[in-house]
Amino acid sequence: MNEVIYFDNAATSHPKPECVYRAVDHFLREIGASPGRAGHRLGLWASQVVLEARERLAGLFHVNDSSRVILTGNCTEALNLAIKGSLRPGDHVVTSGVEHNSVMRPLRGLESAGTIELTVVPCTREGWLSPVDVEKRLKANTRLVVVTHASNVVGTVQPVGEIGRLTRKRGALFLVDAAQSAGLEPIDVPGLGIDLLAFSGHKGLLGPQGSGGLVVNEGVELVPLKEGGTGSRSQHETQPTHLPDRYESGTLNGPGIAGLAAGVGYLQEMGVDAVKAKLKELTALLLAELSRTPGVTIYGPRDPDRQTAVVSFTLAGVDTGELEGILDRRFGIMVRSGLHCSPAAHRTIGTFRRTRGTARVGLGLFNTADQVGYFGRCLRELQKERAGSHGA
């Protein structure tokens, strides 16, 4: 197999549907104007593209008011807006032991500044967070509970519905990091008790890099992360209070949002359940291939019913960075090695110091069973060569 096989979809999905490429190109060539900044036809068309993206995202997440879908440059910006916009001095925050640094770094920064008190709830070695353990950590001053929907290291899907119900019962806000689940897992924001949903546009939603957003549920008010031009209420030198403008200062990424709208439309036409079913099947095949490969250790649930299409593993005697390079150069297979911007998750699964991380396979919508089978054969070929060289 001479093709390049891209297994790094947990970082950025690739390739995109053809409609995404066309939408970006059309915006750049035929529209080009800034959304929300002019009354001429090109400005209005640009604004229509943004509105369409907002409406599709609202539909995907079962949100009635699309103005509560705030468009950002990425999921990291959305998480920073949600965290820093909702917390005040003296607040207590609860999070999990498998969070990405896009959650941990803002929280640790606020903790170091003496602004908040932070509790990190341990997860199992498979990366699973117990709702009961979360409930035990809630206090009278708990303002925010932050949980990743699916781990970017081992794919474990958390019971966000249960956590959302108990969090709401105690009067705290519930923020879900859906970077790894949006477009791949059904997400009903009000139904799951989610107050704030941060999502990435360039992963499961199949959009371009530089796109993402934050759903702000009814009744939730945030302090803006940035202030500036919005194209609305320009006669005032104070930030608008209405949504989405309150949180969308500066010119939006029109081409990226056009591509995001196309990607979401593609998903909606296919159906998230169908996407999930396909990736579940591929994940089962991948786990089987890894399980029958000597020297492989698989981390996480090892169960396609309990995880997304993200699988981390190590190969005995081979540094994960070295393995990434070999797979790329010799076989054209792209995986990602290291700590994946989530040292907390690697401490949880025991790979932070012992193996300096893992090799991670992130399957995507356009991967195939043949590619997964080829990957398994390549790993076994490497192991056979190593065994032969050690026995010589």
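Here, each number is a calculation from the coordinates, and none is a lab measurement. All values derive from a computational prediction rather than experimental measurement. Cβ: placed from backbone, ideal geometry, glycine included. Neighbour counts: every protein chain shown.
Listed values, structure above:
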item	result
Region 341-392: trypsin sites (Lys or Arg not before Pro) in DSSP coil with no more than 13 other Cβ atoms inside 10 Å	Arg353, Arg354
Lysines with Cα under 28 Å of Lys16, excluding same-chain neighbours fewer than 8 positions away	Lys203, Lys276, Lys278, Lys280
Pairwise FRET efficiency - Glu381 versus Arg88, Cβ, R0 = 56 Å, nearest 0.05	0.45
DSSP-assigned coil residues among trypsin sites (Lys or Arg not before Pro) in region 175-235, each with at most 14 further Cβ atoms within 10 Å	Lys226, Arg233
Point-to-point label distance, Gln268-Gln48, nm (Cα→Cβ direction, 7 Å offset)	1.6
Principal axes of region 236-354: Cα extent on each, largest first, Å	66, 36, 30
Neighbour-count order for Asp245, Asp328, fewest beta carbons within 10 angstrom listed first	Asp328, Asp245
Radius 13 Å from Cβ of Ile163, net charge of other residues (Lys, Arg +1; Asp, Glu -1)	+1
Mean residue ellipticity (222 nm) of the chain, computed from DSSP H runs ≥ 4 via -39,500 (n - 2.57), nearest 500	-12000 deg cm²/dmol
Of all DSSP beta bridges in the chain, antiparallel share, percent nearest 5	50
Net charge contributed by nearby residues that have their C-beta within less than 15 Å of Arg292 (K/R +1, D/E -1)	+2
With at most 12 neighbouring Cβ atoms within 10 Å, loop GluC sites (Glu not before Pro) (DSSP) excluded, longest segment of the chain	4-217
Least to most buried among Ser102, Ser291, Ser151, Ser200 (fewest other Cβ within 10 Å first)	Ser291, Ser102, Ser200, Ser151
Footprinting exposure proxy for Tyr6, Tyr299 (fewest neighbouring C-beta atoms within 10 Å first)	Tyr6, Tyr299
